[in-house]
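Enquirer: Before I ask anything, let me first share the structure, which is written out below as structure tokens.
The values are calculated or read from the model by the stated rules, or taken from the named source; none is laboratory data. The structure displayed is predicted, hence computed values, not measured ones. Backbone-built Cβ (ideal geometry, glycine too); neighbour counts: all protein chains shown.
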Amino acid sequence: MSQDWRNHPIVAIDTETSGQYPMQDDLCELAAVKSINGQVVDTYQVLVKPKETMSDFVIGIHGITNEMVAEAAPIEDVLADFMTFIGEGVIVGHHSPFDLGFLVYDLERLGMRLPDQPAFCSSLLARKAIVGPPNHKLQTLVKYLSLDGGQAHRALDDAHACLQLFFECVRRKGSNTFAEIFKVQGQPLWWQDFSLKGKALVNQTWQKVILAIETKKNLEIIYQGGSNKGKKRVVQPLSIVCSPTGDFMVALDPQEPGPSKRFYLKKLSEAEILP
């Protein structure tokens, strides 16, 4: 943590996906920009074929069509190469918990090792270092700071923009060491923080939720929150999302039709898988 960040590879990453949630949706593009001493030294980009056809809504966000990924390799064939590119680098992403959630889920599913290095989030850094913009979305900051944003919501251009934003945040805060940058960010993010396997090893509720999602079974739960606090209810779990602000289960509630709901795992007192 006392090292000067300029003496270590910094790798800006970005992912595009077929949806919001890692256990339900898939990666469809990976990109990274590697820098050393503040200079770009290499780039990486690949399209990935998701398991399911992407919706028009999702395609409208990133512009990657089902035809574009029809002949692309599945994540099983490209993830090792992507991780080799990152190597010993410290990653930075804009809302990197989103990227880490998808990457760690696939890494664990494929039996691959999680990196030991910490991670930066340019969104968290920008909230402390960039004062004045109406919000801290990447494209808003690109325009506000007159950065080269390229094509919005395509992974390689967003990774380039993220790296420029990281440099600008560090410059404005005068941070030289990893410890100083993480103090601005609030805390380090670690790949292991997004490990479902690690959390399931020490928490039986996590085990049941994960198994229910993987086997597409409903759960009978008691949730200590919301309007039905402390009462048994049946939900259809879709995914788990690990977040620095609280890990949660995304689920549908048949008794309350509509969009999926968040159930924070720390408030889930009971969970039983239904036949």
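Enquirer: Would you check if there is a residue in the stretch 158-180 being surrounded by fewer than 15 Cβ atoms within 10 Å (Cβ to Cβ), within 23 Å of the chain's Cα centre (by Cα), assigned to a helix (DSSP H, G or I) and not β-branched (V, I, T)?
Expert: yes
Enquirer: Further, regarding this structure: Over 24 Å from D26 (Cβ atoms) and either crowded, with 22+ Cβ neighbours inside 10 Å or in contact with a Gly (Cβ under 6 Å, 6 or more places away or on another chain) (or both), is that true of L125?
Expert: Criteria met by L125.
Enquirer: Which of the residues belonging to the stretch 131-156 are touching a residue at least 60 places away in the same chain (Cβ under 8 Å) and either among the acidic types (D, E) or not in a helix (DSSP H, G or I) (or both)?
Expert: Matches in the stretch 131-156: Q151, H153, R154.
Enquirer: Among the residues in the stretch 54-63, are any more than 20 Å from D157 (Cβ to Cβ) and in contact with a strand residue (DSSP E or B) (Cβ under 9 Å, 6 or more places away or on another chain)?
Expert: Scanning the stretch 54-63 turns up no residue that is more than 20 Å from D157 (Cβ to Cβ) and in contact with a strand residue (DSSP E or B) (Cβ under 9 Å, 6 or more places away or on another chain).
Enquirer: Looking at the stretch 16-54, which of its residues are part of a strand (DSSP E or B) and within 23 Å of E214 (Cα to Cα)?
Expert: If the condition is that a residue be part of a strand (DSSP E or B) and within 23 Å of E214 (Cα to Cα), then E16, T17, L27, C28 are the ones that fit.
Enquirer: For the stretch 211-231, give me each residue that is crowded, with 19+ Cβ neighbours inside 10 Å, in a helix (DSSP H, G or I) and of a type outside the set (G, A, S).
Expert: I213
Enquirer: Just to be sure I understand the filter: pairs with C-beta atoms under 9 Å, separated by 6 or more residues or on different chains, first member in the stretch 51-62 and closer than 23 Å to D77 by Cβ, second member outside any loop (DSSP other than H, G, I, E, B) and among the small types (G, A, S). Which pairs pass?
Expert: Listed by first residue and then by second, the contacts come to H62/A155.
Enquirer: Might you check whether a residue that is basic (K, R), assigned to a loop (DSSP other than H, G, I, E, B) and in contact (Cβ under 8 Å) with a residue 12 or more places away in the chain occurs anywhere in the stretch 257-273? Explain how you work it out, then say what you get.
Expert: Looking only at the stretch 257-273, we keep the residues that are basic (K, R), and these are 261-262, 266-267.
Imposing the further condition that a residue be assigned to a loop (DSSP other than H, G, I, E, B) reduces the set to none.
No: zero hits.
Enquirer: Hey, among the residues in the stretch 1-34 that are hydroxyl-bearing (S, T, Y) and buried (at least 21 other Cβ atoms within 10 Å of the Cβ), which one's nearest to G93 (Cα to Cα)?
Expert: Residue satisfying both the conditions and the ranking: T15.
Enquirer: On to the next question. Please state which one of A80, A70 is part of a loop (DSSP other than H, G, I, E, B) and surrounded by fewer than 17 Cβ atoms within 10 Å (Cβ to Cβ).
Expert: Matching residue, one of A80, A70: A70.
Enquirer: Out of F102, F57, F98, which single residue is more than 14 Å from the chain's Cα centre (by Cα), modelled with pLDDT of 95 or more, within 27 Å of V142 (Cβ to Cβ) and outside any strand (DSSP E or B)?
Expert: So the residue among F102, F57, F98 that is more than 14 Å from the chain's Cα centre (by Cα), modelled with pLDDT of 95 or more, within 27 Å of V142 (Cβ to Cβ) and outside any strand (DSSP E or B) is F57.
Enquirer: Okay, moving on. Among the candidates P254, P275, P244, which residue alone is out of contact with any Cys (no Cβ under 6 Å at 6 or more places or on another chain), closer than 19 Å to Q20 by Cβ and not β-branched (V, I, T)?
Expert: None of the others qualify; the one that does is P244.
Enquirer: What pairs come out if I take residues in the stretch 119-130 that are part of a loop (DSSP other than H, G, I, E, B) and pair them with residues that are crowded, with 22+ Cβ neighbours inside 10 Å whose C-beta lies under 7 Å away, six or more apart or interchain?
Expert: Note: pairs meeting the criteria are I130/L141; I130/C169.
Enquirer: Further question: So which residues in the stretch 186-228 are touching a Phe, Trp or Tyr at 6+ places or on another chain (Cβ under 7 Å) and either free of Cβ contacts under 8 Å to residues at least 24 places away in the same chain or of a type in the set (F, W, Y) (or both)?
Expert: Once the filter is applied, which keeps residues that are touching a Phe, Trp or Tyr at 6+ places or on another chain (Cβ under 7 Å) and either free of Cβ contacts under 8 Å to residues at least 24 places away in the same chain or of a type in the set (F, W, Y) (or both), the stretch 186-228 yields A200, Y223.
Enquirer: Among the listed residues A70, A119, which satisfies the condition of being under 30 Å from S175 (Cβ atoms) and small (G, A, S)?
Expert: Of A70, A119, the one residue that is under 30 Å from S175 (Cβ atoms) and small (G, A, S) is A119.
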